[in-house]
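One structure is given here, and the rest of the page talks about it.
Nothing in this text is a laboratory measurement; each read-out follows from the coordinates by a stated rule. As the structure is a prediction and not an experimental result, all values here were calculated from the model. As a convention, Cβ positions derive from the backbone with ideal geometry for all residues, glycine included, and neighbour counts pool all protein chains shown.
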Amino acid sequence: MNRSKRSTIFVTLLLALVLAISACAAPPPQQATGGESAAQSDSGGQVVLIIPEEPATLNQYLADAAIVRQVADATTAGLSLVDQNGDFQPVLAETIPSIADGTVSEDFLTVTWKLRPGLLWSDGTPITSDDMKFTWEAISNPDSGAVLSNNFEKITSIDTPDDLTAIVHYSEVNSAYPMQFAYGLLPRHATGEPTEMEKWEWNRAPVTAGAFVVSEWNSGDSIVMDRNPNYYLDGQPYLDRLIFKVVPDPGAQMAMMIQGEGQVHLWPGATKEDYDVQIEGEGQLQEVPGQWNMALRFNLSQPFDDDPGATPPHPILGDLKVRQALAHAIDYDTIINDVNPGVSPATSPFAYGWYRCDIPRTYTFDQDKANALLEEAGWVLGDDGIRVASGAANAEDGTRLSLQMEGYTNFQPLVKLEEAIVEMWKAVGVEATIQNDDFSIIFGSLADGAPRKTGNFDILIYDSSLSIDPQATIAGLFHSSAIPSADNPAGSNYSRWVNADADAAIDLAGSTVDVPTRQAAYCDLAQLIDDELPQLHLYLFTEGYGATDKLSGYAVSIWGSLTWDAQNWKLSQ
Amino acid sequence: MSTYIVRRTLQAIPLLLILSVMLFALVRMAPGGPLAQAERNPNITQEQIERLRERLGLNQPFYVQYIKWARTIVLEGDLGDSIKSGREVSVMIGERIPNTLLLVGVAFLLTLCVAIPLGALSARKQYSLLDYVVTTFTFAGQSVPIYWLGLMAVLTFYVWIDNPFTGKPLFPAGGMYSIGSDKGLGDLLWHMVMPVGTLSLAWIAWYSRFFRASMLDVLNADYMRTARAKGLSEGRVLYIHALRNAVMPLVTMIALDFPSLFAGALFVETIFSWPGMGRLFWEAARGRDYPVLLGVILINAGLIVVANILADILYGVIDPRVQYD
């Protein structure tokens with residue numbers, strides 16, 4: 001009796017202890033939601049941005065991960081930027097150089113930039129054209145480790161006749177010249193040796209021309225940025241402080257938004273419908289059609305023949321009729337409305353920007369046509385409803401019409417799409433299987449044995465994107481000289497598509513800075529792609545972020561990161 | 001005893017060396033590479049990626065890469081630099097390891113303080129109401145995944161229950177300190193309650209169950225009857241004779257469990273945004289940041305070796321029959 005009493009007391013004490021700990025801990029005095037802090041002071045208050053991972057650096061030229069730009073743009077100002085409409089806008093430059101005002105030479109090889117007068121770095125030092133020159137010197141240095149080359153290697157020299165003028169000389173046409181210094185300038189006085197760039201202290205605490213300056217970096221936890229007193233726009237940024245809070249778990253991220261502790265939520269990973277219901281009354285998911293274009297990439301070359309080259313043809317996909325049939329068999333409306341609702345249709349790689357080209361789909365959903373084409377191509381229905389070769393161009397008789405689709409893991413919309421396509425193709429007698437690999441495998445290198453590089457695949461299915469100047473990416477994806485091989489491991493013509501007209505269109509688009517000429521060339525290419533189907537484009541994902549209703553002044557931009565316009569943000573009570 | 005410690009430490013060196021070869025091979029055999037994210041960035045050209053690959057030495061044969069890596073560790077005591085951030089791996093680990101040790105250490109102390117008495121009581125009162133309650137709790141605690149427990153804790157104590165005095169959430173959603181706070185001890189403790197609680201709950205379930213079994217074995221042993229027959233008080237029999245013997249298997253268990261303690265910390269660190277080693281490891285693994293990944297694993301391996309040596313020493317302290325020469 002006595003002992004059982006004692007054990008009851010013990011358990012009670014234990015409970016009391018747990019309760020005491022939770023009761024004792026007073027909430028910290030400075031914890032406040034953005035709204036309250038805005039109300040307490042006359043200035044703009046602070047915004048907490050929830051980010052799922054920590055950027056490794058704030059030096060955009062060193063960074064490969066998408067998260068870096070999302071954070072670093074708050075502390076970056078370049079000579080120019082691309083606004084939400086896809087137009088170039090001057091930032092630190094007075095104007096965007098052009099042929100019209102003579103700041104771009106007739107041969108496009110000389111570009112003259114003028115800085116705004118009176119610009120200061122965040123430490124109060126003047127920003128000069130010499131900083132532009134240093135930026136080029138640092139990034140073009142092969143030992144700097146910079147990956148975001150941005151055509152810096154095409155620059156032969158930069159003249160700085162005065163502190164505000166920089167004359168950039170190119171060895172070949174750089175069609176992307178307006179974006180040359182868009183990822184920020186590097187201050188010569190506050191960085192270090194170009195060869196030491198990866199070790200610069202500047203990378204985590206940049207002296208900057210951007211709207212905000214890093215004041216505290218708590219590894220694995222948060223990055224605090226305060227307003228740059230020397231920012232070039234008077235009275236901006238409006239906010240006093242941005243706090244990037246690293247919260248890896250989606251559940252915890254959501255909880256912080258619901259409680260109003262976070263004001264902005266990067267990459268929520270939920271549909272707008274679900275998201276808005278969850279944080280009802282606090283905020284919404286703000287979205288625009290984004291850059292990520294979902295496409296099927298057909299391998300036109302024989303896989304598993306130890307040759308990443310274009311020949312011999314793929315036994316099944318090497319025949320254009322089969323690719324046409326596969327395109328006809330896809331119910332595009334169902335995909336856009338039911339399988340991945342919220343996406344917007346895309347028929348070519350050029351689905352946005354100044355190079356946009358909305359061609360009508362050549363091969364629309366039509367199962368009868370698909371069946372007829374497959375019959376014509378020598379693929380007849382077998383006993384189990386799957387077609388087999390009987391007089392097919394590249395396959396031995398009896399070969400099963402079976403294809404493998406390869407995508408990447410951990411992305412539910414992709415899995416849903418793959419499953420839908422499997423069903424749609426099955427309806428015309430095509431068997432498809434799904435093989436999704438880890439990100440680092442599917443996007444690996446030739447040396448890593450990545451299937452798209454070695455050519456050992458049937459169909460790749462994933463989304464890709466184009467930047468404001470698509471030339472390098474497009475030439476890589478569709479030019480016949482860009483088929484990956486041991487000699488050209490950087491090649492990215494994964495379909496192994498060889499087409500002289502396409503090569504000519506790509507070359508033309510890269511040879512001029514004249515927008516209408518380039519646009520027409522890209523449109524020709526888009527039509528060739530839709531006719532010959534090295535790739536089949538499906539739709540664009542939406543992009544955006546969750547934001548509290550108290551935040552205003554922001555614009556979600558397909559071209560910008562989360563913080564591209566943070567200088568315009570305002571917080572109300 | 002000191003000879004023994006020196007001997008064990010020296011023995012650990014070749015062990016770690018062999019381990020390092022195996023780890024290096026294992027990490028590098030994992031498919032994929034550190035440049036996959038660059039491949040997804042439309043602003044980075046394929047030529048740049050190839051140049052970077054060369055610069056990082058990723059195109060060199062496996063053994064060359066290993067020797068380079070091992071040499072800097074042995075000769076310079078340097079774990080190398082992160083591929084992603086260019087920062088020294090030792091600095092990065094140095095920032096995180098105290099946080100993980102704090103989290104795991106406090107949670108573990110709490111676990112022992114609760115699990116041993118709970119297990120002992122439960123064994124002493126086998127088939128009593130208390131025993132049933134404890135057994136049910138431990139069974140449930142062992143079955144529930146730790147990340148689910150963590151999420152439920154966030155939902156309950158952050159979203160649902162407010163502090164009645166301030167109207168703010170009872171406990172924070174995560175992190176070590178409040179945003180913009182002066183990083184005081186009170187703030188830290190307040191932030192530790194949920195992660196430590198979640199970790200301990202799972203561990204208490206496991207260890208109290210284990211200790212109950214261990215205690216039951218001892219309670220039925222002959223020497224217990226002898227002790228009672230000698231007329232010793234029940235308290236002395238229980239707390240001196242039984243407890244000490246029952247703790248022996250627990251020490252072995254803890255030493256063996258050491259790696260999984262860190263694994264459990266990974267989930268808790270992720271859910272509660274705790275800036276610890278587990279998350280550093282996870283991020284490095286996802287990005288294939290080989291130097292960071294290997295550094296973290298090597299440090300963890302070192303910690304496990306140390307824990308094993310400590311456990312062996314503890315045997316000697318607890319059990320007078322164990323002698324070290």
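Once the mean 1/r over all distinct Cα pairs of the range B:195-325 is inverted, what Kirkwood radius in angstroms do you read off?
Roughly 17.4 Å, rounded to one decimal.
Taking a 26 Å limit on the Cα-Cα distance, which of the listed pairs A:Lys321/A:Lys426; A:Lys550/B:Lys84; A:Lys114/A:Lys570 fall beyond it?
Going by Cα-Cα distance, A:Lys550/B:Lys84; A:Lys114/A:Lys570 fall outside the 26 Å limit.
Take the alpha carbon atoms of the range A:290-542, find their radius of gyration, then divide it by 2.2 N^0.38 Å using N residues; give the quotient.
0.97
Compute the whole-percent fraction of alpha carbon pairs in chain B spaced more than 34 Å apart.
Here the tail beyond 34 Å accounts for 41 percent of pairs.
Check cross-link reach from B:Lys230 to the lysines: straight Cα distance under 23 Å, and skip same-chain residues fewer than eight apart.
B:Lys125
So how do B:Phe108, A:Phe350 line up by other beta-carbon neighbours within 10 Å, fewest first?
B:Phe108, A:Phe350
Which whole-number percent is the relative contact order of the range A:290-542 (Cα, under 8 Å, 6+ apart)?
Relative contact order for the range A:290-542 comes out at 32 percent.
How many partner chain Cβ atoms sit within 10 Å of a residue's Cβ in peptide A:44-56, on average, as a whole number?
For peptide A:44-56, the averaged partner shielding equals 2.
Could you list, in their original order, any pairs among A:Lys369/A:Lys453; A:Lys154/A:Lys199; A:Lys272/A:Lys416 whose Cα atoms are separated by more than 21 Å?
Violating the 21 Å Cα-Cα cut-off are A:Lys369/A:Lys453; A:Lys154/A:Lys199.
Over chain A, calculate the relative contact order: mean separation of alpha carbon pairs under 8 Å at least 6 apart, over the residue count, as a percent.
Relative contact order of chain A: 19 percent.
When B:Leu188, A:Leu81, B:Leu15, B:Leu130 are ordered from fewest to most other Cβ atoms inside 10 Å of their Cβ, what list results?
Listing B:Leu188, A:Leu81, B:Leu15, B:Leu130 from fewest to most nearby Cβ atoms yields B:Leu15, B:Leu188, B:Leu130, A:Leu81.
What percentages, rounded to whole numbers, describe P(r) for the protein assembly as shown computed over all alpha carbon pairs with 10 Å bin width beginning at zero?
Taking all Cα pairs of the protein assembly as shown, the binned fractions are 2, 11, 18, 21, 19, 14, 9, 4, 2, 0, 0 percent.
Mind listing the phi-derived Karplus ³J(HN,Hα) values for the range B:54-65, rounded to whole Hz, using 6.51, -1.76 and 1.60 with θ = phi - 60°, and x for any glycine or proline?
These are the phi-based 3J(HN,Hα) values: 5, 4, 7, x, 6, 8, 7, x, 3, 5, 5, 4 Hz.
Going by how many other beta carbons lie within 10 Å of each one, how would you line up A:Thr512, B:Thr270, B:Thr111, B:Thr136, fewest first?
Exposure proxy ranking, most exposed first: B:Thr136, A:Thr512, B:Thr270, B:Thr111.
List the pair-distance distribution P(r) of the range A:348-469, using every Cα-Cα distance, as the percent of pairs falling in each 5 Å bin from 0 up to the bin containing the longest distance, rounded to whole percents.
2, 10, 14, 15, 17, 18, 14, 7, 2, 1, 0
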